[in-house]
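So the structure is just underneath, and the comments pick up after that.
What follows draws every value from the coordinates through simple rules; no lab data is involved. These numbers come from a predicted model, not from an experiment. Please note: Cβ atoms are built from the backbone with ideal geometry, for glycine as well, and neighbour counts cover all protein chains shown.
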Amino acid sequence: GDPDLQKALTAAKRLFDQASPRPNAKKVLVVIMDKKSINEEEEILEALKPLKEDEIKLVPVGIGPGADVKELRNITSAEGYLVKAKKTADPEKLAERIMAKVISGMIIKYLLFQSRHKRGLMVNAFVLLILKFEITNFWI
């Protein structure tokens, strides 16, 4: 059937509420759609409120020409989180783009407790992670 975004957002909120508590864990919801939702804008915004109140980051992904970019743009807190892709997109590259949006803007705490030899390797790995996923905010 046609996508029911209101129902999906409500179910996602319920799942976040049922998850085991992890203090300071960042919550992210990736919403992937290839068609416009059957819901009115007001219904979607109402279902979105509890997610925003809990500071759950939404990363909307629109696949193909049937995805309603305006609708997806309305559910995210930052337009930069929106991912648009063709139906023929390479799934691996699309997954990388989605993950880049998932972790962008997050603060990564990186503590160096390793020996000098391992520290160099860890720093190199960290730098590669920053470059690959376009991380903009981090602490070392």
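Structural remarks
- Label-point separation in nm, A11 to K26, each point 7 Å along Cα→Cβ: 2.6
- Set K27/K101; K52/K93; K26/K52; K36/K57; K13/K36 screened for pairs whose C-alpha atoms are more than 24 Å apart: K52/K93
- Put simply, when 18-28, 45-55, 84-94 are sorted by average Cβ atoms within 10 angstrom per residue, most first, you get 45-55, 84-94, 18-28.
- Highest average packing first - 57-63, 10-16, 75-81, Cβ atoms within 10 Å: 57-63, 75-81, 10-16
- The stretch 18-100: C-alpha gyration tensor shape, a/c 1.5 cut-off, then a/b vs b/c: oblate
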